[in-house]
Ligand SMILES: NC(=O)c1ccc[n+]([C@@H]2O[C@H](COP(=O)([O-])OP(=O)(O)OC[C@H]3O[C@@H](n4cnc5c(N)ncnc54)[C@H](O)[C@@H]3O)[C@@H](O)[C@H]2O)c1
Ligand SMILES: O=C(O)C[C@H](O)C(=O)O
């Protein structure tokens, strides 16, 4: 699949290196470059992953560096650099540190790979995606935040575990920002076409919604750092959809320009992914309760954007 393509990953930590591993094993692209401040560890991981390619018949070229020159001519740049949260922290606590890191990275990406599509992963995801768009003055469809696929796949897992059947057949939909106010949509969730609302009681669905909203924190509580296998898998789904121009629909964080009634803010909505990045934004009909939840989620992200503005993070308009 997409053999001529090059993907660069900024941040060769848990998420970045796992994305690299998945891409190499799935033969999703021809070349992967990882960039990290801690160059030695990144080079070691690149060698380690390279040495797993041969048994898989993969001829993906993998390298690592701290020098951004190596990302030139990337089709996609994925940003996973920055701090993960620790137990007791919220994703929002990472705002200032990761916003600063992202701004610096985007300056380099604009120099060495100005035409690449950018996928943001670092948290708090929606605000960081906004920072990347503004710092790089990108057209909105070329910077896309990863979170909705992860949150939806968490909800799918909780649903099949609750039901005890339908493993691998559940489709769940989560909109909204990647925070405690995310918007799981049971009305748009089903098990091989059977509506979730016909399979579980309201109480059971509420429990699943709560578990989904706190799925990231649950893992942080156990590991002392945040999740990376499912986040990497979700990012790979986006990369493959873009590289293969599949025009698949996924929930992703994008800059809204009137969709769902909001402007100049980033939030998670269903989008069509293709070779231009976001090809289209899908506007789901939301009922009043869903609209109210989405408004709350937009407001939470806007509070973070306001904090960045107050700290003079963006040039005054
Ligand atoms: N969007 C999501 O759903 C999602 C899911 C998982 C993790 N995350 C976020 O992804 C980020 C990375 O998580 P992780 O578990 O991989 O963390 P990690 O600590 O394992 O890796 C981060 C890496 O970034 C590197 N780094 C830091 N500053 C850098 C810079 N300026 N330039 C280049 N490299 C730099 C570090 O050296 C480290 O290797 C965190 O912010 C985390 O919250 C988001
Ligand atoms: O929970 C985190 O801090 C990491 C990530 O956003 C996740 O949801 O796993």
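The values are calculated or read from the model by the stated rules, or taken from the named source; none is laboratory data. A quick note: this is a predicted structure, and the numbers were derived from the prediction, not measured. Every residue, glycine among them, receives a Cβ derived from its backbone with ideal geometry; neighbour counts consider all protein chains shown.
Observations on the structure shown:
- Considering residues of region 54-63 that are touching a strand residue (DSSP E or B) at 6+ places or on another chain (Cβ under 9 Å) and buried (at least 17 other Cβ atoms within 10 Å of the Cβ) only, the residue nearest to residue 10 (Cα to Cα): 62
- Some residue of region 84-94 being within 20 Å of residue 35 (Cα to Cα), within 16 Å of ligand 2 (Cβ to nearest atom) and either touching a residue at least 24 places away in the same chain (Cβ under 8 Å) or out of contact with any strand residue (DSSP E or B) (no Cβ under 7 Å at 6 or more places or on another chain) (or both): yes
- Looking across region 19-37, the residues that are more than 11 Å from ligand 1 (Cβ to nearest atom) and assigned to a loop (DSSP other than H, G, I, E, B) come down to 27, 28, 29, 30.
- Screening the candidates 241, 217 for the property of being more than 16 Å from ligand 1 (Cβ to nearest atom), out of contact with any helix residue (DSSP H, G or I) (no Cβ under 6 Å at 6 or more places or on another chain) and assigned to a helix (DSSP H, G or I) yields one hit, 241.
- Qualifying residues in region 1-10 (those that are surrounded by fewer than 24 Cβ atoms within 10 Å (Cβ to Cβ) and touching a helix residue (DSSP H, G or I) at 6+ places or on another chain (Cβ under 9 Å)) - the one modelled with the lowest pLDDT: 1
- Within region 97-136, being in a loop (DSSP other than H, G, I, E, B) and touching a residue at least 24 places away in the same chain (Cβ under 8 Å) holds for 113, 116, 121, 122, 123, 124.
- Filtering 16, 40, 82, 44 for residues that are within 14 Å of ligand 1 (Cβ to nearest atom), within 21 Å of residue 117 (Cβ to Cβ), at pLDDT 95 or above and part of a helix (DSSP H, G or I) leaves a single hit, 16.
- Qualifying positions in region 158-183 - in a helix (DSSP H, G or I) and in contact (Cβ under 8 Å) with a residue 40 or more places away in the chain: 158, 159, 162
- Qualifying residue in region 191-205 (condition: in contact with a helix residue (DSSP H, G or I) (Cβ under 7 Å, 6 or more places away or on another chain), closer than 16 Å to residue 148 by Cα and surrounded by 19 or more Cβ atoms within 10 Å (Cβ to Cβ)): no
- Filter pass, residue 184 being within 11 Å of ligand 1 (Cβ to nearest atom) and in contact with a helix residue (DSSP H, G or I) (Cβ under 7 Å, 6 or more places away or on another chain): no
- Of all the listed residues (72, 66), the sole one being at pLDDT 95 or above and either within 11 Å of ligand 1 (Cβ to nearest atom) or surrounded by 19 or more Cβ atoms within 10 Å (Cβ to Cβ) (or both) is 66.
One line per residue, one yes/no per condition, for (1) crowded, with 20+ Cβ neighbours inside 10 Å; (2) in contact with a strand residue (DSSP E or B) (Cβ under 9 Å, 6 or more places away or on another chain):
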| position | (1), (2) |
| --- | --- |
| 233 | no, no |
| 236 | yes, no |
| 242 | yes, yes |
| 249 | no, yes |
| 269 | yes, yes |
| 291 | no, no |
| 306 | no, no |
| 312 | no, no |
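- Checked against the criterion of being within 16 Å of ligand 1 (Cβ to nearest atom) and either under 20 Å from the mean Cα position of the chain (by Cα) or modelled with pLDDT of 95 or more (or both), the candidates 278, 271 yield just one match: 271.
- A single entry from 143, 118, 131 fulfils the requirement of being within 13 Å of ligand 1 (Cβ to nearest atom), more than 21 Å from residue 220 (Cα to Cα), crowded, with 24+ Cβ neighbours inside 10 Å and under 15 Å from the mean Cα position of the chain (by Cα): 131.
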